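J.: Could you have a look at this structure, given as C-alpha cells, before my questions?
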Amino acid sequence: MEDKISEKRKFKNMLLNTLVYLCAGIIVLMLTGIIGYIFYRGLPKLSLDFLTSAPSLLNDTVGILPNILNTIYIILMTLVIVLPLGIGTAIYLNEYAENKKLVGVIELATETLSGIPSIIYGLVGMLIFVQFCSLGTSLVAGALTLVIMTLPTIIRTTQESLRTIPNSYREGSLALGAGKWHMIRTVVLPNAVDGIVTGCILSVGRIVGESAALMFTAGMANNIVYLFESFLPEKAGSTLSVALYMYAKERGEFEIAFTIALILMLLTFIINISAKFAGRALRKRKENDD
Amino acid sequence: MKSIKNKVHAGEKAVKLIFTSCGFLIIGFVILITVFLLINGIPAIREIGFQDFFFNSKWASTAADPSYGILPFIMSSVYGTLGAVIVGVPIGIMCAVFIAKTAPPKVAKAVSTAVDLLAGIPSVVYGLLGMIIIVPFVRELFHLPDGANLFSAILVLAVMILPSVISVSSTAISAVPKEYEEASLALGATKTETIFKVTVPAAKSGIVTAVVLGIGRAIGEAMAVMMVAGNVANMPGLFKSVRFLTTAVASEMSYSAGLQRQALFSIALVLFIFITAINFILNVTVKRNKE
C-alpha cells in the first residue's frame, strides 16, 4: 500500500511526520532544558541558611525567610476567605438556584473573572483595598485581591464535584425528614471534598506563582512579618514570586533570583502532581457513579 | 411542635439567603471591577482627548510638556500577541497532533505531563529565563546593542501560550469521531494525510478556541514581558525596545502621580476592554462547539 503512493505524497507525509515529532521534541527538550538550567544556576546558593534568614546588611545575610512566610500568610488568608465564598456560590448554583437566567449570569461573571489578567487585578486591588478601604499596601490587601482572582477556580472545581453526587443521595436524606441545610451539610458537602481540595491546590498554585497582582497590593518589603501581625493593615511584604522579580529586574542579583526560581519550580511541580492525584480521585468516583 | 417547625423554617431561609448572596457576590465583583476601572479610567481620556489618547504615537508622561499617546502600547501589544501566535500556534498544533494521534499512549502521556508542568511554571520564572537566555541570544544572533526587544518578548510569549494551545487543541483533536478517519483511510489516504486533511480541519473550532485562549494569555501577560521587552515607549519594530499595554501600567505605577497616574488607569481600562472582547469571542466559540 505504502509503495503505491507517489513520491510527492511520500515526501509530504514524511515532512509532516518529521514536523510533528520535532515539535513534540521541542516541548520535551524545553522542559528538561528549563529544569536543568534552573537547577544548575539555582542549586549552588540553596542552603538552610538561605531559607531561614532575612536579608540583612548588618549580618551580611541574604535569606528569603520573609518571602516564604509572606507567601504562606497570603495563601492562608486567601483560602480562609475564598473557600466559604466559592463553596457557597457553587452550592447556590447547584442546589438552590431555580432561575436559569440568573445561573447563566453568575456563570458568565465567573468566566469574566477568570479571564481578567493579573495586572488588572493588581490595579483594581490597589484602588479598592489599598486606597478605598484604606488598608494600605499590606498582605491583607494582597490576599483580598487574590480572593477575587481565585474565586472562579474554587467555584468551578466545587461545582464539578457537586454535579457528580447522585440525586438519590439528596432525595434519601430529604425523605428521612432532613431539612435542606441539614442535607447539604451531611450529604452534599462531605461528598464534594475532593473537588474542594482540587480547587484549593489549584488556587495555591496560582497564588504561589502570582506576581503582577501582588506588587501594588502586598508590596515589595523584605522584612519579617510575624503571624499575629500578618493580617494588620500597612503590613507589607513580598511573596517569593515578587521577590524573584525584584532581585532579577531591579537589583540584578541573578543567583538569588535563580535560587528562588528553583524553589518556585519545585513547589509548582509538587502542586501540579497533587492536583492531578486529587483530580484522578474525582474522576474515579464519577466513573463509579456512571 | 409548631414552634420548632417555625424555627427550622427560619433557619433554612437564613441559610438560603446566605448562599444566594454568595452567588450575587460574584456578579458584584465583576460590577465593582468594571465600575472602579471606568471611574478611574475615563477622566484622563477626557482630559487628554480621545483622539490624542488613542492615536498619538508619543508617550512622554514625565516630560516638561507631557504627551499621553498610547498608540505605541496598543500596537506593541497587538504585534507582540500576533507574533506569539504565529510562532507558538503551529508548534502547539503539531504537538497536539503528536499527543492525540501519532504517539503511543505512554509517550503521549509523558509529553502531556511535560505540557502540564510547563503550564505551571510562574511567569516571573519565564521572565527570568528570558532575561538570562533569550535576550543575550537575540543580541548575539542579530548583532544588536541590546537584545531586550519585541522579538525576545514574542519568543517568551510564544513559549508561555504553548501549554494552553496544546492542551485545548489536543482535546479537540481527540474528540473527532473515529468514523471520519476510517472513511478517509478507506478511501486510500495515508494516516498522516488523514490527520492533516480530515482530523485537524474537523477539530477546527476547538483549535480556534485554543488560539483565542492563547491570545488572551499573551495580551494579559505583564511580568515576563516587562523583563524581556526593554520597556521603552517606542512604536513597535521587531528589534526595537517596546512597552505593552500591561507593562505600561506596571512600569510607571509605583512613582506616578496626577494626570500621569490617571492615564495609567485609562490604559488599564483599554486593556480590560480588549480582554473582555476576547473573552466574549471565546465564550461564543465555546458555546458553538458545545452545540
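What follows draws every value from the coordinates through simple rules; no lab data is involved. Every value quoted in this text rests on a predicted model; they were computed, and no experiment measured them. Positions of Cβ are backbone-derived with ideal geometry, glycine not excepted, and every protein chain shown enters the neighbour counts.
J.: Just how large is the dipole of the range A:49-289 about the Cα centre, in debye to the nearest 20, putting +1 at every Lys and Arg Cβ and -1 at every Asp and Glu Cβ? Present the calculation step by step, with values, prior to reporting the outcome.
T.: Working: 17 positive and 17 negative charges, 172 e Å.
Result for the range A:49-289 is approximately 820 debye, rounded to the nearest 20.
J.: Next question, about the same structure. Please identify the DSSP H helices in chain A that span no less than 20 Å along the helix axis (Cα) and have a mean Kyte-Doolittle hydropathy of 0.0 or more. Write down the numbers at each step before the final one.
T.: On the way: long enough: A:7-42 (51 Å, 0.81); A:65-91 (38 Å, 1.93); A:100-115 (22 Å, 0.52); A:139-163 (35 Å, 0.96); A:193-209 (24 Å, 1.50); A:254-289 (51 Å, 0.63).
For chain A, where a helix must reach 20 Å along its axis and average at least 0.0, the hits are A:7-42, A:65-91, A:100-115, A:139-163, A:193-209, A:254-289.
J.: Now a separate question. Roughly how many nanometres apart are two label points built 7 Å out from the Cα toward the Cβ at A:Ile26 and A:Glu7?
T.: 3.0
J.: Inside 10 Å of the C-beta atoms of B:100-107, what's the mean count of C-beta atoms belonging to other chains? Walk me through the numbers on the way to the answer.
T.: Numbers: counts 0, 1, 5, 3, 0, 0, 0, 2.
Averaged over the peptide's residues, the number is 1.
J.: What list of ³J(HN,Hα) values in whole Hz, one per residue of the range B:54-69 in order, does the Karplus curve 6.51 cos²θ - 1.76 cosθ + 1.60 (θ = phi - 60°) give from phi, with Gly and Pro shown as x?
T.: Karplus-based 3J(HN,Hα) across the range B:54-69 equals 8, 10, 7, 8, 10, 10, 9, 6, 9, 6, 4, 10, x, 10, 10, x Hz.
J.: Please average, across the residues of B:109-120, the number of beta carbons from any other chain that are within 10 Å of each residue's own beta carbon, and give a whole number. Mind showing how you got there, number by number?
T.: Numbers: counts 0, 2, 5, 1, 5, 8, 4, 6, 8, 6, 3, 15.
The mean count of partner-chain Cβ atoms within 10 Å per residue comes to 5.
J.: Among the aspartates and glutamates, which fall within straight-line cross-link reach of A:Lys284, defined as a Cα-Cα distance under 12 Å, with same-chain neighbours fewer than 8 residues apart omitted?
T.: The reachable aspartates and glutamates, counting only those whose Cα sits under 12 Å from A:Lys284, are A:Asp194.
J.: Could you sort the peptides A:82-95, B:117-130 by per-residue average Cβ neighbour count (10 Å cutoff), highest mean leading? Walk me through the numbers before you get to the answer.
T.: On the way: A:82-95: 22.6, B:117-130: 24.1.
Descending mean neighbour count gives B:117-130, A:82-95.
J.: While we're looking at this one, here's another question. Going by how many other Cβ atoms sit within 10 Å of their own, how do B:Arg243, A:Arg185 line up, fewest first?
T.: On the way: B:Arg243 28, A:Arg185 14.
Placing the least packed residue first, the sequence is A:Arg185, B:Arg243.
J.: Further question: Run lengths n ≥ 4 of DSSP H only: what is the helix-derived mean residue ellipticity at 222 nm for chain B, with -39500 (n - 2.57) per run over all residues, to the nearest 500?
T.: -24500 deg cm²/dmol
J.: Is there a pair in B:Lys109/B:Lys240; A:Lys12/B:Lys109; A:Lys101/B:Lys204 whose C-alpha atoms are over 32 Å apart, and which pairs would that be?
T.: Cα-Cα > 32 Å for B:Lys109/B:Lys240; rest within.
J.: Stick to the Cα atoms of chain B, pair each with every other, and give me the Kirkwood hydrodynamic radius in Å at one decimal. Don't jump to the answer; show the numbers that get you there.
T.: Working: mean 1/r = 0.0455 Å⁻¹.
Hydrodynamic radius (Kirkwood, Cα only) of chain B equals 22.0 Å.
J.: Nothing charged except the Cβ atoms of Lys and Arg (+1) and of Asp and Glu (-1): what's the magnitude of the dipole of the range B:70-290 about its Cα centre? Round to the nearest 20 debye.
T.: Values: 15 positive and 9 negative charges, 77 e Å.
The calculated dipole for the range B:70-290 is roughly 380 debye.
J.: Amide H neighbours of A:Thr61 under 5 Å, counting only residues 5+ apart in sequence or on other chains, H built in-plane at 1.01 Å?
T.: A:Ser56
J.: What's the percent breakdown of Cα-Cα distances in the range B:90-233 across 10 Å bins, shortest bin first?
T.: Per 10 Å bin, starting at 0, the Cα pair percentages come out as 12, 33, 28, 18, 8, 1.
J.: Next up: If the viscosity is 1.306 mPa s and the temperature 10 °C, what translational diffusion coefficient in µm²/s does Stokes-Einstein give for the range B:153-202 when Rh comes from Kirkwood over Cα pairs? If you can, show how the numbers build up before the last one.
T.: Values: Rh = 12.3 Å.
Rounded, D is 129 µm²/s.
J.: Which order do B:Ile99, A:Ile184 fall in if you start with the one that has the fewest other Cβ atoms within 10 Å?
T.: On the way: B:Ile99 26, A:Ile184 21.
The fewest-first ordering by Cβ neighbours comes to A:Ile184, B:Ile99.
J.: Follow-up. What's the Kirkwood radius of the range A:226-282 in Å, using all Cα pairs?
T.: When all Cα pairs of the range A:226-282 are included, the Kirkwood radius is 13.6 Å.
J.: If we count other beta carbons within 10 Å of each Cβ, what is the order of A:His182, B:His9, B:His143, fewest first? Walk me through the numbers on the way to the answer.
T.: Details: A:His182 17, B:His9 11, B:His143 6.
Result, fewest neighbours first: B:His143, B:His9, A:His182.
J.: Among A:Val208, A:Val20, A:Val188, which one shows the biggest mean-square fluctuation in a GNM of chain A, springs joining Cα atoms closer than 10 Å?
T.: Of A:Val208, A:Val20, A:Val188, the Gaussian network model singles out A:Val20 as fluctuating most.
J.: From other protein chains only, count the Cβ atoms within 10 Å of every residue's Cβ in A:122-135, then give the mean.
T.: Values: counts 5, 15, 11, 2, 3, 8, 5, 0, 0, 2, 2, 0, 0, 0.
Taking the mean over all residues of the peptide, I get 4.
J.: Can you find, among B:Ala183, B:Gly41, B:Phe98, the residue sitting farthest towards the positive end of the charge dipole of chain B, where Lys and Arg contribute +1 and Asp and Glu -1 at Cβ?
T.: B:Ala183
J.: Follow-up. Between A:Arg280 and A:Asn99, what is the label-point separation in nm under the 7 Å Cα-to-beta-carbon projection?
T.: Taking the two extended label points, one gets 4.4 nm.
J.: Also, quick follow-up: Dividing the convex hull volume of the alpha carbon atoms of the protein assembly as shown by its residue count, what do you get in Å³ per residue? Kindly include the intermediate steps, with their values, before the conclusion.
T.: Details: hull volume 112.6 nm³, N = 581.
Convex hull of Cα atoms, per residue: 194 Å³.
J.: Would you pull out the residues with amide H under 5 Å of B:Trp59's amide H, same chain only if 5 or more places away, H placed 1.01 Å from N?
T.: Placed amide hydrogens put B:Gly69 under 5 Å from B:Trp59.
J.: Hey, what does the equivalent ellipsoid look like for the range A:77-166, semi-axes from the Cα gyration tensor as sqrt of 5 times each eigenvalue, largest first, whole Å?
T.: 27, 14, 11
J.: Same structure again: Would you mind computing, in nm to one decimal, how far apart the modelled labels at A:Arg163 and A:Leu57 are, each placed 7 Å from Cα along Cα→Cβ?
T.: 5.7
J.: What fraction, in whole percent, of alpha-carbon pairs in chain A exceed 34 Å separation? Display every interim value, and only then the final one.
T.: Working: 15833 of 41905 pairs.
That tail contains 38 percent of the Cα-Cα pairs.
J.: For the range A:2-45, state the average projected area of the convex hull of the C-alpha atoms over all orientations, rounded to one decimal in nm².
T.: On the way: hull surface 14.1 nm².
Here the figure is 3.5 nm², rounded to one decimal.
J.: Give me a comma-separated list of calculated 3J(HN,Hα) values for the range B:155-169, in order, Karplus coefficients 6.51, -1.76, 1.60 applied at θ = phi - 60°, integers in Hz, x for any Gly or Pro.
T.: Each residue's phi maps through the Karplus curve to give 4, 5, 5, 4, 5, 6, 8, 3, x, 5, 4, 5, 5, 5, 6 Hz.
J.: Per residue of chain A, what 222 nm ellipticity follows from adding -39500 (n - 2.57) for every DSSP H run with n ≥ 4, rounded to the nearest 500? Intermediate values should be presented prior to the final figure.
T.: Numbers: 12 runs with 193 residues, N = 290.
My calculation for chain A gives -22000 deg cm²/dmol from helical runs alone.
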